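Reading through the structure tokens given below for one structure.
The values are calculated or read from the model by the stated rules, or taken from the named source; none is laboratory data. What you see is a predicted model, and the numbers here were worked out from it, not measured in a lab. All Cβ positions, glycine included, derive from the backbone under ideal geometry; neighbour counts span all protein chains shown. Note: areas computed on protein heavy atoms with side chains; ligands, DNA, RNA excluded. Shrake-Rupley method; radii C 1.70, N 1.55, O 1.52, S 1.80 Å.
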Amino acid sequence: MSAKSPRKVRKVVFPVAGLGTRFLPATKVIPKEMLTVVDKPVIQYAVEEAIEAGIEHFIFVTGRGKNAIEDHFDLAYELEATLKARGKTAEIEILKATRPLFGAASFVRQQEPLGLGHAVWCARDIVGDEPFALTLPDMLIHGKPGCLAQMIETYNNHGGNVVAVEQVPHEHVNRYGVVALGKTFNERTHSITAMVEKPKIEDAPSDLIISGRYVLQPEIFEKLATQKPGAGGEIQLTDSMIALLSEQDFFAYKFDGKTYDCGDKIGYLAANVAYALDRPDIGPQFRPVLDDLMHK
Ligand code: G1P
């Protein structure tokens, strides 16, 4: 623990402006973040993970056609009144989990799809001058405690910026941001010495990828403000983290949990199966059905 405790992380940013073209036609009208894993939208898992981590304010960077996300985290007055009249208390409880406290959710639009870095920058005024968490909801992480809670504990011990990392097969590193590690603090926590976004496989400094969970200092916004487009012609968050790396500490945190990349069809299907099997209410019934399908 440093002499002075790091400032509390109170806010989380969810970039949810992406078009979800990989899931057409499902995402023609429905935002990809509203696709369900079992019976809950992908974005709700991310919000619940943030609540578990002690986050108090939820910032959604949305875009055109994403109104369903805003509605999902609002009070559905008619629905709740009808459920109440019918005595459906269990269903009302389920809906309560979709309602942040009054004033605890903010929505800002990214008007143009200029990249993840640009999406995060769009949240600058709502985040203000304080450290914040950033969750990419597509990366669904099954962990107990959740990945963000683990990361905030690490941040509380080390300060600086914390980036969740995990090992992937070498041939997949070109799909992600990749980190190089320096000093080891403990089994899970290391300093970051270099980062590169979407490297060529042969140029990747390691097989440790950035997994879509971050705790960042507000100075990142100064870097993002002037960030030039990078990989894929997009304004990349990783490039601004590289710019901040010479001024601030960055820690890689090897979280305990399993990632399902729900931006990808196979990852999304795997998430549905894994989360269904893990659910005490449906897992035991689902397992024999799955076994049967597998052995056909
Ligand atoms: C983004 C980040 C990348 C990270 C990835 C995780 O890339 O830029 O560093 O590894 O998320 O999903 P994107 O998936 O937006 O291309």
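The table for this structure:
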quantity	calculated
Rough spin-label spacing in nm, given labels placed 7 Å along Cα→Cβ, for HIS170 and ARG64	4.5
Within the chain, percent of DSSP bridges classed antiparallel, to nearest 5	60
Set LYS198/LYS258; LYS88/LYS144; LYS11/LYS32; LYS144/LYS296; LYS40/LYS88; LYS4/LYS144 screened for pairs whose C-alpha atoms are more than 25 Å apart	LYS88/LYS144; LYS144/LYS296; LYS4/LYS144
Estimated FRET transfer efficiency (THR82, PHE286; beta-carbon r; R0 22 Å; 0.05)	0.15
The stretch 36-143: relative contact order as a whole-number percent, Cα under 8 Å and 6+ apart	41
The stretch 161-227: trypsin sites (Lys or Arg not before Pro) falling in loop per DSSP and having at most 10 other Cβ within 10 Å	LYS200
In range of the label at THR21: residues from the stretch 55-83 whose backbone nitrogen is under 18 Å from the point 7 Å along Cα→Cβ	63-66
For the chain, accessible area per residue (1.4 Å probe, heavy atoms of protein chains only), Å²	51
Accessible-area composition of the chain, carbon plus sulfur, in percent [1.4 Å probe]	54
Residue (of HIS158, GLY87, HIS190) at the positive-pole extreme of the chain, dipole from beta-carbon charges	GLY87
Residue-count net charge about ALA104 - beta-carbon cut-off 11 Å; Lys, Arg +1, Asp, Glu -1	+2
Span-rule helices in the chain, defined as complete DSSP H runs reaching 18 Å or more along the axis (Cα) with Kyte mean at least -1.0	265-278
Computed [θ] at 222 nm, helices only, for the chain once each DSSP H run of length n ≥ 4 contributes -39500 (n - 2.57)	-9000 deg cm²/dmol
Stokes-Einstein translational diffusion, the chain - Kirkwood Rh over all Cα pairs, 1.306 mPa s, 10 °C, in µm²/s	79
